[in-house]
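This report refers to the structure that appears directly beneath it.
The values are calculated or read from the model by the stated rules, or taken from the named source; none is laboratory data. Every value quoted in this text rests on a predicted model; they were computed, and no experiment measured them. We place every Cβ from the backbone using ideal geometry, glycine too, and count neighbours over all the protein chains shown. Keep in mind that these areas ignore ligands, DNA and RNA; they rest on the heavy atoms of the full protein, side chains included. Shrake-Rupley method; radii C 1.70, N 1.55, O 1.52, S 1.80 Å.
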Amino acid sequence: METIVSGIQPTGNLHIGNYLGAVKNFIALQNSGKYEMYIFIADLHSLTENLAPDKLRTQITTAAAEFLAAGIDPDKVIFFRQSDVQEHAELAWIFNCVMPIAELYRMTQFKDKSERQESNVNAGLLTYPVLQAADILMYQGALVPVGQDQIQHVELTRVVARKFNQRYGDFFPETKHLLTTVPKVMSLLEPAKKMSKSLGKDHVIDMADEPAMIEKKLKKAVTATEGGGLAPGAQNLLSLLKEFGSQEEYQKFSAAEKDGSIRYGDLKGTLAKTIADHFANFRAKRNELLQQPEKIEKILASGAEKARAVAEKTMSEVRKLVGLN
Ligand code: ADP
Ligand code: TRP
């Protein structure tokens, strides 16, 4: 059985980009029954951003509630909080010592984040992908379902494994990314950029947004064409309708776009309703779970116990390989 590993940082509510690019795939892969799966909340990675401790704590709980509400089943997936398994940080340190820093300076996300948080370019931002490699390789992860922006980090994971194996002998596997049909959902307001919570609230639709909020955000979405052809904003909305709407609705708007009769107000109205309906169940379950933080804690603790058993084994072999015992 192949092993799948993926994580998401608890940096805020999940949005429909996270959903279409990653979370939806987690659920499909989980339900296929074909894989051994590890899904975790990457809270250690979040420390690279300047979050208040109380806020981080709340966001971890919210993230867990959202994964569970989206359909992650702790009986089918080892679902845990990264920091509960301390071996991740230890393996990351060992990997730091085989990785040339030049490889890390080349990472697009490091460059982007260094610009975005100019006053906090901490060492963790640079070694972020090394910790990610540790997350994946700890469980001998072969497949990593992520959105397009994370492909570079999965490639770096292969480099880490190769460097380690060259020095200490063959131990870690080659890891591959797994993409969905929509690996890059674009921002509502700046459709040249990927939808990301770092751009601001009005650029993203959260899975937890109430129907009125979805409608309001879509109303402001950019659809204007610059010099003919299908504008990226309009293209983005159509691809969302393709994912969330019925075949019929999609065909109708797609044809109207081609013959020039499309009314974007109508497209936005239909899309708002479709997205709101799609996540109605999710919103209800999320709210229910958020009333039961002890239940969430229990689930995370039980996942951590299972993950730790595997991580301890990996680390005991790694320590031997590198000469620490
Ligand atoms: P954000 O950029 O909003 O902070 P994250 O970096 O936490 O999102 O991403 C979590 C997961 O969701 C990753 O697998 C990432 O590739 C995926 N993802 C994020 N944004 C998008 C998007 N706009 N389209 C598709 N997938 C995305
Ligand atoms: N870097 C990923 C993101 O921003 C989160 C992450 C951390 C991750 N560790 C991982 C994803 C391991 C896949 C596998 O979305």
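To check you understand DSSP bridge types, tell me what percent of the beta bridges within the chain (both residues inside) are antiparallel, rounded to 5. The answer is about 10 percent antiparallel. Counted residue by residue at 0.36 nm each, then reduced by the alpha carbon distance between them, the extension gain from Ala301 to Asn31 reaches 95.0 nm. Restricting the trypsin sites (Lys or Arg not before Pro) of segment 224-325 to loop positions (DSSP other than H, G, I, E, B) with no more than 10 neighbouring Cβ atoms within 10 Å leaves Arg263.
Could you pull out the GluC sites (Glu not before Pro) across segment 224-306 that fall in loop regions by DSSP (anything but H, G, I, E, B) with no more than 14 other Cβ atoms inside 10 Å? Hits after loop and neighbour filter: Glu226. Estimated purely from DSSP H runs of n ≥ 4, each contributing -39500 (n - 2.57), the mean residue ellipticity at 222 nm for the chain is -17500 deg cm²/dmol once divided by its residues. Scalar couplings 3J(HN,Hα) for segment 3-20, obtained by applying the Karplus form with A = 6.51, B = -1.76, C = 1.60 to θ = phi - 60°, are 9, 10, 10, 7, x, 9, 6, x, 9, x, 5, 5, 10, 5, x, 4, 5, 6 Hz; x denotes Gly and Pro. For segment 210-267, the solvent-accessible area works out to 60 Å² per residue, with a probe of 1.4 Å and every protein chain left in place. For Lys217, the shell of other residues with beta-carbons less than 10 Å away shows a net charge of +1, using +1 for Lys and Arg and -1 for Asp and Glu. Considering only alpha-carbon pairs that sit under 8 angstrom and 6 or more positions apart, the relative contact order computed for the chain is 23 percent.
Amide hydrogen proximity for Ser187: with H placed 1.01 Å from N in the peptide plane, the residues at 5 or more positions away or on another chain lying under 5 Å are Lys193, Lys194, Met195.
A cut-off under 15 angstrom between Cβ atoms defines the neighbours of Gly33, and their net charge, with Lys, Arg +1 and Asp, Glu -1, is -2. For segment 10-88, applying the loop criterion from DSSP together with a ceiling of 11 other beta carbons within 10 Å to the trypsin sites (Lys or Arg not before Pro) yields Lys34. Does segment 197-282 come out rounded, prolate or oblate, given a ≥ b ≥ c as the square roots of the eigenvalues of its C-alpha gyration tensor, rounded meaning a/c under 1.5 and, failing that, prolate meaning a/b above b/c? Judged from the Cα gyration tensor, segment 197-282 comes out oblate (a/c at least 1.5, b/c at or above a/b). Around the amide H of Lys176, modelled in the peptide plane, lie the amide H atoms of Leu143, Val144, all under 5 Å away and 5 or more residues distant in sequence or on another chain.
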